[in-house]
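The structure under discussion appears below in the form of structure tokens.
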Amino acid sequence: MEPSENILGPSARNDARLVSTIARGRPWLDDIVTGAVKDVEQLAKRERCTIHQINLTLSFAFPAPSLVKAAVAGRLPRGINIERLRDPNPNWAEQFQDLGLSPN
């Protein structure tokens, strides 16, 4: 058991995992867009992970800002987790509909 498991409950660990994934996805996307890396293969080599892991993480660069704020604050409803937010609809309003949430 990791030390954090003694302190954080399952929901808090899931929230931390989600926030961590979002925090990695955005700069990775920026590295690709700006040319800091030439492609996902180079990024995977730099990050010592698979191309599949890079692609999954990159999808977390696109959640609506208010969803990201709620995740950081630990205010996402139960059941809204990393699996539910993977590959979000590019339309932010539709992300809320897809999750069964109100955008307000």
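Before moving on, here are some points about what is shown:
- Within segment 62-75, residues that are touching a residue at least 40 places away in the same chain (Cβ under 8 Å) reach partners that are among the charged types (D, E, K, R) with beta carbons closer than 8 Å, at six or more positions or on different chains, in the pairs Ala71/Asp15; Gly74/Asp15.
- Taken as a whole, the condition of being at pLDDT below 95 and on the phi < 0 side of the Ramachandran plot applies to Leu76.
- Residues being at pLDDT below 50, assigned to a helix (DSSP H, G or I) and not charged (D, E, K, R) - total across segment 1-15: 4
The values are calculated or read from the model by the stated rules, or taken from the named source; none is laboratory data. Quick caveat: nothing in here was measured; it's all calculated off a predicted structure. Ideal geometry is used to build each Cβ from the backbone, glycine not excepted, and the neighbour counts take in all protein chains shown.
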